[in-house]
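The block underneath contains the structure these notes are about, expressed in structure tokens.
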Amino acid sequence: MRTSYLVNLGNVNDIPLGQGACYIVKGAEIAVFRARDGKVSAIENRCPHRQGPLSEGVVGNGKVVCPLHGHKFDLASGEGTEKGECVRTFEVREQYGEIVLDFPVGGLTPEGRKD
């Protein structure tokens, strides 16, 4: 049984190096970041503290800083700086110049949760 599907989010150059962008996939907000070295990462867009748009945060050293309150989230694990704070992460890669996201079939419901 299929547990996820691939979603083409478009050209990797649509995200400037060192920045992020928000994509809506099946109603879910996904923040995709392109590090200065070109590596792409994807996490859920909303901070669990005040629902800040993480895609608008400052990116560096494998982390993003929430623009509303300064909490940091690791782009690989989703772990936050505050105890119990965590965002979902997603498999993402660059393929032939395109951003390809591996999105769970169940979306971001508890059944489709990617922790």
Taking the Cβ of each residue in VAL64, VAL92 as the centre, tally the other Cβ atoms inside 10 Å and list the residues starting with the fewest. VAL92, VAL64
Taking the Cα centre of each part, how many Å lie between segment 18-59 and segment 60-83? 11
Is the shape of segment 37-98 best called rounded, prolate or oblate, per the rule: a/c under 1.5 gives rounded, else a/b larger than b/c gives prolate, else oblate, with a ≥ b ≥ c the square roots of the Cα gyration tensor eigenvalues? prolate
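Assign unit charges at the C-beta atoms only (+1 for Lys and Arg, -1 for Asp and Glu), then state the dipole size of the chain relative to its Cα centre in Debye, rounded to the nearest 20. Numbers along the way, then the final one.
On the way: 14 positive and 15 negative charges, 20 e Å.
With Lys and Arg at +1 and Asp and Glu at -1, about 100 debye.
How much net charge surrounds GLY97 when only other residues with a Cβ under 14 Å from its Cβ are counted (Lys, Arg +1; Asp, Glu -1)?
Numbers: positive: ARG34, ARG93; negative: ASP14, GLU94, GLU98.
Neighbour charge sum, excluding GLY97 itself: -1.
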For the chain the mean separation of alpha carbon contacts under 8 Å (6+ apart) over residue count, i.e. relative contact order in percent, is 27
Determine the dipole magnitude for segment 31-89: charges of +1 sit on the beta-carbon of Lys and Arg, -1 on that of Asp and Glu, nothing else is charged, the reference point is the Cα centre, and the result goes in debye to the nearest 20. 100
Would you grab the residues whose amide H sits under 5 Å from the one on GLY57? Only those 5+ places off in sequence or on another chain, please, with H modelled 1.01 Å from N. none
Partnerless Cys - the chain, beta-carbon criterion under 4.7 Å: CYS22, CYS86
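Values quoted throughout were computed directly from the atomic coordinates according to the rules given, and no laboratory measurement underlies them. Bear in mind that the values here come from a model prediction, so they are computed numbers and not experimental data. Cβ atoms come from the backbone with ideal geometry, glycine included; neighbour counts cover every protein chain shown.
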